[in-house]
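Chemist: Here you go, one structure.
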Amino acid sequence: VAVEILAAIREACNQLIDHHIAGAGVERDDLVWFSTRGQGSEVGDSTDVQRDAMDALVPPLLNLVDVYVAGKIFAMLVILVLVSGPLALNKVMTGRFSPVPLLAFGFIYNGFFMIGLMNYLFGVGLAIWATALWIAGRAHGAVVMTLQALFFTLVLFFCHLYAVGLYVLAVGSYELWA
């Protein structure tokens, strides 16, 4: 079953590259990254505000690898945060590691992943991590928790607005429960 899941994830990554990354288009001579919105921005231009996680992480990789490899690296990063986030949250909530959160592998290959909503999925994974860090950091005091919440809210905002909503909902629910 695990081999089939990994094969499905690999196929999803290949489909992502073909449909999402290749449609973006990169001009190597000028190092210009065209996001899926069709708006170009100079890589390394300090006046450019990054619009989302993919725009922030993929263009610097283009100096090292081609667009397909950079897209695969980002897709693997998305998978990493989506699987490791539940592991971290489970560890914080129960105090020990459990294999149960590895069931997240069964949900990675989904419609959102197939159609290339990578910023959303990356944000969801980061929101789970941020929630785990919030719970773990409750003993550090209000100032540290407020700074942590502001940092993660800003980072999640640049991933996807729904990721901010998920984070606020998770932390708010936990605080009401605790």
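The values are calculated or read from the model by the stated rules, or taken from the named source; none is laboratory data. Since the model is a prediction, treat every value here as computed from it, not as a measurement. So basically every Cβ, Gly included, is an ideal-geometry build from the backbone, and we count neighbours across all protein chains shown. SASA here: full protein model, heavy atoms, side chains in, ligands and nucleic acids out. Shrake-Rupley method; radii C 1.70, N 1.55, O 1.52, S 1.80 Å.
Chemist: As a test of understanding, state the convex hull volume per residue of the stretch 74-178 from its alpha carbons, in Å³.
Modeler: That works out to 99 Å³ per residue.
Chemist: Now, a different point. Can you put ILE79, ILE128 in order of accessible area, largest first, using a 1.4 Å probe?
Modeler: ILE128, ILE79
Chemist: Also, I was wondering about something else. Using a/c under 1.5 as the rounded threshold, could you call the stretch 136-178 rounded, prolate or oblate? The axes a ≥ b ≥ c are square roots of the C-alpha gyration tensor eigenvalues, and prolate needs a/b larger than b/c, oblate otherwise.
Modeler: oblate
Chemist: Let me ask another. Take PHE107, PHE152, PHE113 and sort them by solvent-accessible surface of the protein heavy atoms, 1.4 Å probe, largest at the top.
Modeler: The residues order as PHE107, PHE152, PHE113, largest area first.
Chemist: Which distance in nm do the two modelled labels at LEU6 and THR94 give, with both placed 7 Å along the Cα-to-Cβ direction?
Modeler: The modelled label-to-label distance comes out at 2.4 nm.
Chemist: Here is a further query. Once you place label points 7 Å from the Cα toward the Cβ at TRP177 and ALA56, how far apart are they in nm?
Modeler: Each label point is offset 7 Å from its Cα along the Cβ direction, giving 2.7 nm.
Chemist: Could you run the Karplus curve 6.51 cos²θ - 1.76 cosθ + 1.60 with θ = phi - 60° over the stretch 155-162 and give me ³J(HN,Hα) per residue in whole Hz, x for Gly and Pro?
Modeler: With the stated coefficients, the stretch 155-162 comes to 4, 5, 4, 7, 7, 5, 5, 5 Hz.
Chemist: Still on this model: Once phi is turned into θ = phi - 60°, what whole-Hz ³J(HN,Hα) does the Karplus curve with 6.51, -1.76 and 1.60 give for every residue of the stretch 61-77, x standing for Gly and Pro?
Modeler: 5, 5, 6, 9, 9, 7, 5, 5, 5, 4, x, 5, 4, 5, 4, 5, 5
Chemist: Please list, in order along the stretch 118-127, the HN-Hα scalar couplings obtained from phi with the Karplus expression 6.51 cos²θ - 1.76 cosθ + 1.60 (θ = phi - 60°), rounded to whole Hz, x for Gly and Pro.
Modeler: 5, 5, 4, 5, 4, x, 4, x, 5, 5
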